[in-house]
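Worksheet: the structure to be examined is printed underneath.
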Amino acid sequence: MCAAMPNPPATGLLAVTGVTKSFGGVLALAGCTLSVREGSITGLIGPNGAGKTTLFNVISGLTRADGGEIRLGRERLDGLAAHAIARRGVARTFQIPRPLGRMTVLENLLVYAHDQPGELLARVFATPARVRDAERRARERARLVLESVDLAHLADARADALSGGQKKLLELARALMSDPHIVLLDEPGAGVNPTLMRSLIETIRTLQGAGRTFLLIEHDMDLVTELCDPVIVMAQGKTLVEGPFTEVRRDPRVLEAYLGSAA
Ligand SMILES: Nc1ncnc2c1ncn2[C@@H]1O[C@H](COP(=O)(O)OP(=O)(O)OP(=O)(O)O)[C@@H](O)[C@H]1O
Ligand SMILES: [Mg+2]
């Protein structure tokens, strides 16, 4: 049997302790506690409706938690606005990619670079030469990021011409533009064909090798097997167990959670 989830406050690069969130009568997060070790690719799995995406929304500041605590290192994230959380090094991707379809792949990343807080104000006071310089640096960074996710050859393609899998890679690229400490990936493998899946797996591994930390929601168990250690299982708004996937998948509590939700 795997380790039961800890009751004392979580530690780790990202530490979530006793987080609650309800939507009307639905308790989406019911005292969720987990921690993500620096440098890991931690998997977050669980049946539909377990609260995984809600947890990402709460960590990234898109939704405010009702209670509990979230820390990145020593810093409290809960209560901060989404842009302040992003600035502290937390990036996330969405379960359904939302690229700006009429723009090119490269422009999608530049928009994100220009969306940083302070950018507009800085431009008002900057000289044209400094604006050009910032523009050039943003473009260079965008090209490097596109290379790192194997999309450089599509830099000038319109985002709405990308396949579902390529849009997922663009989501990852967008998240990487801010050079985050930790990336929250919501089902990166969904709708990705086998060839692109290889590329996605290798990309995430390479990024991990370069010191990046990932928390990754996924239903594709092949991807979880290949990438994630440890794996945390969530059900009904709480974390159930944590451990290597080979052990987690055999845990009776996990089987029960999946079977219960299917029923
Ligand atoms: N904005 C919202 N308003 C009302 N209920 C919500 C909202 N967001 C989530 N929920 C509910 O909260 C619960 C958790 O949903 P969530 O999307 O976090 O699950 P999930 O684990 O990501 O599921 P999936 O694997 O299907 O993506 C569900 O019962 C869902 O219907
Ligand atoms: Mg979800």
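The values are calculated or read from the model by the stated rules, or taken from the named source; none is laboratory data. Note that this is a predicted model, so its numbers are computed, not measured. Because the Cβ atoms are built from the backbone with ideal geometry, glycine has one as well, and the counts that use them run over all protein chains shown.
Data for the structure
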{"quantity": "Residue within the range 167-174 that is within 16 Å of ligand 2 (Cβ to nearest atom), assigned to a helix (DSSP H, G or I), touching a residue at least 24 places away in the same chain (Cβ under 8 Å) and not acidic (Asp, Glu) present", "calculated": "yes"}
{"quantity": "Single residue of the range 66-84 satisfying the filter (among the charged types (D, E, K, R) and part of a strand (DSSP E or B)) that is farthest from ligand 1 (Cβ to nearest atom)", "calculated": "Glu75"}
{"quantity": "Check on Ala210, surrounded by fewer than 23 Cβ atoms within 10 Å (Cβ to Cβ) and within 13 Å of ligand 1 (Cβ to nearest atom)", "calculated": "no"}
{"quantity": "Pair list, Cβ under 7 Å, 6 or more apart: the range 82-106 residue closer than 20 Å to Asp186 by Cβ and touching a residue at least 40 places away in the same chain (Cβ under 8 Å), other residue within 16 Å of ligand 2 (Cβ to nearest atom) and in a loop (DSSP other than H, G, I, E, B)", "calculated": "Val90/Ser60; Arg92/Ser60; Thr93/Pro188; Gln95/Glu187"}
{"quantity": "Residue within the range 69-92 that is at pLDDT below 95, buried (at least 22 other Cβ atoms within 10 Å of the Cβ), within 16 Å of ligand 2 (Cβ to nearest atom) and of a type in the set (Lys, Arg) present", "calculated": "yes"}
{"quantity": "Count of the range 1-37 residues which are assigned to a loop (DSSP other than H, G, I, E, B) and at pLDDT below 95", "calculated": "13"}
{"quantity": "Every pair of residues 6+ apart whose Cβ atoms lie under 7 Å, when the first sits in the range 181-199 and is over 25 Å from Arg74 (Cα atoms) while the second is of a type in the set (Gly, Ala, Ser) and surrounded by fewer than 17 Cβ atoms within 10 Å (Cβ to Cβ)", "calculated": "Gly191/Gly164; Val192/Gly164"}
{"quantity": "Output for the range 129-175, where each listed residue is within 21 Å of Ala190 (Cβ to Cβ) and of a type in the set (Val, Ile, Thr)", "calculated": "Val149"}
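Residue by residue, here is whether (1) within 14 Å of ligand 1 (Cβ to nearest atom); (2) within 15 Å of the chain's Cα centre (by Cα) holds:
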site: Gly18; (1), (2): no, no
site: Lys21; (1), (2): yes, no
site: Gly25; (1), (2): yes, no
site: Glu38; (1), (2): no, yes
site: Ile41; (1), (2): no, yes
site: Gly46; (1), (2): yes, no
site: Ala50; (1), (2): yes, no
site: Phe56; (1), (2): yes, yes
site: Arg64; (1), (2): yes, no
